[in-house]
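Participant: Just passing along the structure, written as structure tokens.
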Amino acid sequence: MALARHNLGTVIAFEFARTIKKRGFAIATLAIPVLLIVVFALIYASNTSTHATADAQKNARFSFSYTDASGIIPAAGAQAAGGTPVSDRGSAIEAVKNGTSEAYFDYPADPSKEPVKVYGVDKGMFENGKYEAVAKQLLGASAQYQVKNPALTAALTGTVKFDSETYKDGHVAAGVGGVIPPMLFLVVFYLSMILLSNLMLNSTLEEKENRVTEMILTTLNPTTLIMGKIISLFMVGLVQILVFLAPVGLAYLFFRDSLALPEMNLSSLVFEPGPMLIGALLLVGGFTVFTGVLVAIGAIMPTAKEAGTIFGPLMAMMFIPFYTFSMVISNPEALIVQVFTYFPLTAPVTALLRNGFGTLSPVEAGIVIVELFVVGILILRLAVHLFRYGSIEYGRKLSITGTFRRTDLATK
């Protein structure tokens, strides 16, 4: 037992060090953070320029003429905004055309039925919007001035705030704040599979292609070797996730306002023990299933090129449940949602989605969790068995049934 633990630690340390020292791994791991830094720098520069332009437009004033058939616009308010009343609509439009007047607004008798006509001298696509903005602002301010009732003004302009509260089982429902924490497990599942799936697939293929597997297996138990590779790859994945998140975290902490990043109110998040525990178990179970399948594929296929033909469809299974996203939320009893919930390769994503949105019952969660762990462990055992017999199959795909016939012959 002590020797097995020693061998497992040796495999983990060797595989971890070998993976992170590869030039391709360093390039792939650092490429995304560098790209994020470049994107953040461009956003920062663009936002700085945009804010400067917006401030310039906000402070800029222009004169305009207007006609008001509605009688809503008070002369004093229009004059304060830079407006001059005119009586001849045609002459006002002509003045804009020849450039002697910068803008002209034509307010109809009933703005609710007819549009306000806005005419202005072309200042470019982005600056031309100031004409309509000023015309709209003047009309809104004039209407509010005539109403002279803050309550009615708020109701009419849609600025009234609403505070909603819903109940579930006699308690206040968590709402969106209770959905986000369990959904983080789905994010972690996708990140881990996207980052590690290719490494898992090649973890056994590399030794087979180098034709050193049979020498390794003379000193190591196949189970120890496979488990060591899986644990080391999980550690590599954690390193990659931390490297990827580092620039995002630094940008949020020090440049949130400059990059226009949304403010996160962590106090609104609700960490309910039940959904969080279920999410964690679904994450581990789903990771076990996909890891076993990928290692088994690597044990069967002689080369990475041939393994790629199965790798693509397998990864697609993780995204198929999103095609039924609306049904997962609104109609979880639908047949296709039930199939996706219990089919091992779609169960992790579907169950994590339903768990986040509160449509996965405790009984369903228990069944899926047990299924994922049982199927995952069985597939891992099969992967170890296939790796033992497929380690010397260099030129052709391993026959699964053939390996079991060899086992039967060996026991006789």
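One line per residue, one yes/no per condition, for (1) at pLDDT below 85; (2) exposed (fewer than 14 other Cβ atoms within 10 Å of the Cβ); (3) among the hydrophobic types (A, V, I, L, M, F, W, C); (4) in the same structural domain as residue 272 (by TED's automatic domain parsing):
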residue: 365; (1), (2), (3), (4): no, no, yes, yes
residue: 379; (1), (2), (3), (4): no, no, yes, yes
residue: 386; (1), (2), (3), (4): yes, no, yes, yes
residue: 390; (1), (2), (3), (4): yes, no, no, yes
residue: 396; (1), (2), (3), (4): yes, yes, no, yes
residue: 402; (1), (2), (3), (4): yes, yes, no, yes
residue: 406; (1), (2), (3), (4): yes, yes, no, yes
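Participant: Run down 292, 286, 312, 298 and say which single residue is under 24 Å from residue 356 (Cα atoms) and modelled with pLDDT of 70 or more.
Facilitator: Exactly one residue qualifies, and that residue is 286.
Participant: Which condition number in (1) out of contact with any Leu (no Cβ under 9 Å at 6 or more places or on another chain); (2) at pLDDT below 75 is the one that residue 340 fails?
Facilitator: Only one criterion is unmet by residue 340, namely (2).
Participant: Let me ask you something else. Please pick out the residue among 147, 116 that is at negative phi and in contact with a Lys or Arg (Cβ under 8 Å, 6 or more places away or on another chain).
Facilitator: 116
Participant: When the stretch 113-152 is examined, which residues are found to be of a type in the set (Val, Ile, Thr) and over 14 Å from residue 72 (Cβ atoms)?
Facilitator: Answer for the stretch 113-152, where residues must be of a type in the set (Val, Ile, Thr) and over 14 Å from residue 72 (Cβ atoms): 118, 121, 134.
Participant: Still on this structure, please answer the following. Residue check: is residue 299 in contact (Cβ under 8 Å) with a residue 24 or more places away in the chain and within 23 Å of residue 181 (Cβ to Cβ)?
Facilitator: When the stated conditions are applied, residue 299 does not pass them.
Participant: Given the conditions (1) at pLDDT 65 or above; (2) in a loop (DSSP other than H, G, I, E, B); (3) over 25 Å from residue 352 (Cα atoms), and given that residue 250 satisfies all but one, which numbered condition is not satisfied?
Facilitator: (2)
Participant: A follow-up question, please. Which one of these is surrounded by 11 or more Cβ atoms within 10 Å (Cβ to Cβ), of a type in the set (Ser, Thr, Tyr), at pLDDT below 70 and under 38 Å from the mean Cα position of the chain (by Cα): 204, 166, 213, 153?
Facilitator: 204
Participant: Output the residue which, of all residues in the stretch 352-363 that are surrounded by fewer than 15 Cβ atoms within 10 Å (Cβ to Cβ) and free of Cβ contacts under 8 Å to residues at least 60 places away in the same chain, is nearest to residue 337 (Cα to Cα).
Facilitator: My answer is 361.
Participant: Turning to a different aspect of this structure: At pLDDT 85 or above, aliphatic (A, V, I, L, M) and assigned to a loop (DSSP other than H, G, I, E, B): does that describe residue 109?
Facilitator: Criteria met by residue 109.
The values are calculated or read from the model by the stated rules, or taken from the named source; none is laboratory data. Just so it is clear, the structure is predicted and the values come from calculations on it, not from any experiment. Don't worry about glycine lacking a Cβ; one is built from the backbone with ideal geometry, like all the others, and counts go over all protein chains shown.
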